[in-house]
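Asker: One structure follows; several queries about it will come next.
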Amino acid sequence: MNYQTNTRDCQAWKDEGLEMSTTSNEAAKLLDHAIDQMFCNVADPAMGGMIGTVDKMLEADPDFFMAKIFSIGVRGSCCRNSPTIAKLVSELESVDDSKLNEREKLHRKASIEWATEKKRDALRTWEYILLQYPKDTIALLFSINGYIFSGQSRMLRDSLARTLPYWRESDFHFGYLQGYYAFGLEQSNQFVQAEKAVKKSLEINPDNTWGLHAYSHIFDATCRSQEGVDFLEENDTFLTDDNSLTCHLFWHQTVNLTELGHYDRVLKLYDDKILSFKRTPNAYHLSDSVQVLQRLEFEGVNVGDRWEEVYSVYKTMYNSHELVYDDMHLTAAMIQSKTGRESKSNLFESMEKHLNKSLDTTYGDVCKRIGFPFAKGIAAYCEGNFEEASNLFIPVYKDIWEIGGSKATQDIFNQYVINACVRSPNQFHRRMARSLLHERKLFRPDSLLTDRVLAKLDAHH
Ligand SMILES: [Fe+2]
């Protein structure tokens, strides 16, 4: 991993129009190094990773405001789940306005909105910052993550389209931003432009895993599954254990292989690679694991007792309710496990309790309208109640994008709906299944998976 050697001191930040309220050049330079780590998806062990880098910034200047802002964003949590975040928010609120410039005040507003689960408000504030400071990498990175986790792919694309003209190709992060832009374009079905952007990104930074990731999405969305397999195999030297995207890239490889019907290879990749990430369990690894196993089961593959292991690794997350997206995967992991299924009522009681006291937050709103009924549909599906699952899915499935994630990860929800309707004894549901498969053919005309499900529907009905 090549981090930039010419990190910015206080004057260099000011010269870019991004002045900060610190006089510590060491703190200012460390902030650049923390941003590098976020772009590269690799934590620098010499600095103790991003959190260690933030700690060093605060050692250099205990009042360094942007270090506290950065700290909230990279922890990816909210006040409710993290006393550390709650303390940081309290510290931000106590800083006198006179000590901050206008950009820092806006960052404070966005960070508090994010940490108190007003995520749509935070995204609007970061956009307002970018309108005035288009090279504010912190606002850019945080809003990119925010858009991905709220399913707003068009905004991700447009945000980068607005800001990229202010960047020079010689800027250290230019190639990485092209990778994000490619992803936004792909998510907006602009595949030709997406491929152009991702090629540019990888030409500048061949080890840029976000670029590899964006290209994997292009292969997936255009049903070029064999090209996707070959591409990731050719670049597997960049899929290192210390890269936060590695597990997810292996997941992309399983999607390619599942589409092609190479189920034994998927199971091998799951056991050899994806499973190893259980030593650092987090919500990303949970969703990758659940998605591999559930997609195999949709195809009729017996995954053995692997669900039991997924549940045992991730069961501690059951009452965190950080994202509705995570709760969907937790539901599947729980109900697919014989041990977890016994605690189903605890999960739903916890979700309902949390959403009812959080109705003014993004989680509460999305969970009440979409997530809660969909999670109950997942549970019904996993228990073999396909008619009940179809009845729960059908009123809400068109809004499922609001729970966040990419189109590729959200496809598991489409597959839940289709498979429930295919297997339901209700004739209306089977007609629904055929309609959804016809719709799927529009976007994935060469999909072998779609043809297999259509054949199954024809054979059974
Ligand atoms: Fe992805």
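Asker: Could you order peptides 237-250, 62-75 by the average number of other Cβ atoms within 10 Å of their residues, highest first?
Answerer: Numbers: 237-250: 17.8, 62-75: 21.4.
Top of the packing list down: 62-75, 237-250.
Asker: With 5 Å bins from zero, work out the P(r) of region 237-299 over every alpha carbon pair and list the percent per bin.
Answerer: Values per bin, smallest distances first: 4, 19, 34, 24, 14, 5, 0.
Asker: Sticking with this structure for a sec: Order these peptides, 168-180, 261-273, by their mean beta-carbon neighbour count within 10 angstrom, highest first.
Answerer: Numbers: 168-180: 18.6, 261-273: 16.2.
Sorting 168-180, 261-273 by mean packing, highest first, produces 168-180, 261-273.
Asker: A follow-up question, please. Using Cα atoms only, what is the angle between the long axis of helix 49-60 and the major principal axis of the chain, expressed in degrees (0 to 90) to the nearest 10?
Answerer: Once rounded, one gets 20 degrees.
Asker: Which whole-angstrom value gives the distance between the alpha carbon centres of region 1-62 and region 343-421?
Answerer: Taking the Cα centre of region 343-421 as reference, the centre of region 1-62 is 40 Å away.
Asker: Further question on the same structure: Does anyone have the angle between helix 407-423 and the longest principal axis of the chain? Alpha-carbon axes, 0 to 90°, nearest 10?
Answerer: Approximately 20 degrees, to the nearest ten.
Asker: Show that you can apply the helix-only estimate: for the chain, add -39,500 (n - 2.57) for every DSSP H stretch of four or more residues, divide by all residues, and state [θ] at 222 nm to the nearest 500.
Answerer: Helices in the chain give a 222 nm mean residue ellipticity of -21000 deg cm²/dmol.
Asker: Right, another one. Give the angle, between 0 and 90 degrees and rounded to the nearest 10, that separates the Cα long axis of helix 283-298 from the longest principal axis of the Cα atoms of the chain.
Answerer: 20 degrees
Asker: Using only Cα atoms, locate the centre of region 240-318 and the centre of region 212-227, then give the distance between them in Å, rounded to an integer.
Answerer: Between the Cα centres of region 240-318 and region 212-227 lies a distance of 18 Å.
Asker: Oh, and also: How big is region 348-461 in terms of Cα radius of gyration and Dmax, in angstroms?
Answerer: Computed over the Cα atoms of region 348-461, radius of gyration and Dmax are 15.0, 47 Å.
Asker: Which residues does the label zone of HIS262 cover in region 194-234, counting backbone N under 12 Å from a point 7 Å along Cα→Cβ?
Answerer: Counting only backbone N, you get 225-234.
Asker: Could you sort out which of LYS105/LYS199; LYS87/LYS353; LYS56/LYS200; LYS29/LYS118; LYS109/LYS368; LYS105/LYS398 sit more than 29 Å apart by Cα distance in this structure?
Answerer: On the way: LYS105/LYS199 37 Å; LYS87/LYS353 25 Å; LYS56/LYS200 34 Å; LYS29/LYS118 31 Å; LYS109/LYS368 26 Å; LYS105/LYS398 38 Å.
Violating the 29 Å Cα-Cα cut-off are LYS105/LYS199; LYS56/LYS200; LYS29/LYS118; LYS105/LYS398.
Asker: Which value, in Å³ per residue, describes the convex hull spanned by the Cα atoms of region 1-141? List each step's numbers first, then the result.
Answerer: Working: hull volume 14.8 nm³, N = 141.
Per residue, the Cα convex hull of region 1-141 comes to 105 Å³.
Asker: Still on this structure: Whole-Hz ³J(HN,Hα) for each residue in region 446-454, computed from phi via Karplus 6.51 cos²θ - 1.76 cosθ + 1.60 with θ = phi - 60°, x for glycine and proline: what do you get?
Answerer: Per residue, the Karplus-derived 3J(HN,Hα) values read 9, 6, 5, 4, 4, 4, 5, 5, 4 Hz.
Asker: Restricted to Cα positions, what overall size does the chain have along the principal axes? Three whole-Å values, descending.
Answerer: Result for the chain: principal-axis Cα extents of 72, 47, 36 Å.
Asker: I would also like to ask the following. Is region 178-309 best put as rounded, prolate or oblate by its Cα gyration tensor, with a ≥ b ≥ c the root eigenvalues, rounded for a/c under 1.5, and otherwise prolate when a/b is larger than b/c, oblate when not?
Answerer: Values: a/c = 2.10, a/b = 1.55, b/c = 1.36.
Taking the square roots of the gyration eigenvalues as a ≥ b ≥ c, region 178-309 is prolate.
Asker: With a point put 7 Å past each Cα toward its Cβ, work out how far ARG434 is from GLU59 in nm, to one decimal.
Answerer: For the pair ARG434/GLU59, the computed spacing is 6.9 nm.
Asker: Shape verdict for region 101-193, please, from the Cα gyration tensor: rounded (a/c under 1.5), prolate (a/b greater than b/c) or oblate. Mind showing how you got there, number by number?
Answerer: Details: a/c = 2.45, a/b = 1.32, b/c = 1.85.
It is oblate, given that a/c is not under 1.5 and a/b is not larger than b/c.
Asker: Could you tell me whether region 151-222 comes out rounded, prolate or oblate from its Cα gyration tensor? Rule is a ≥ b ≥ c as square roots of the eigenvalues, rounded for a/c under 1.5, then prolate if a/b exceeds b/c, otherwise oblate. Could the numbers behind the result be given before it?
Answerer: On the way: a/c = 2.01, a/b = 1.18, b/c = 1.69.
Oblate, since a/c reaches 1.5 and b/c is not below a/b.
Asker: Given the peptides 181-190, 87-96, 104-113, arrange them by the average over their residues of other C-beta atoms within 10 Å, most packed first.
Answerer: Details: 181-190: 23.4, 87-96: 13.7, 104-113: 21.1.
Taking the mean over residues of other Cβ atoms within 10 Å, the ranking is 181-190, 104-113, 87-96.
Asker: From a point 7 Å beyond the Cα of THR23 in the direction of its Cβ, which residues of region 97-122 have a backbone N at a distance under 17 Å?
Answerer: What the label zone holds, given the 17 Å backbone N cut-off, is 99-101.
Asker: Would you please name the GluC sites (Glu not before Pro) within region 377-461 that are DSSP coil residues with at most 15 other C-beta atoms within 10 Å of their C-beta? Don't jump to the answer; show the numbers that get you there.
Answerer: Values: sites: GLU383, GLU387, GLU388, GLU402, GLU439; in loops: GLU383.
Listed in order of number, the matching sites are GLU383.
Every read-out reported here was derived from the displayed coordinates using simple, explicitly stated rules and does not represent laboratory data. Since the model is a prediction, treat every value here as computed from it, not as a measurement. As a convention, Cβ positions derive from the backbone with ideal geometry for all residues, glycine included, and neighbour counts pool all protein chains shown.
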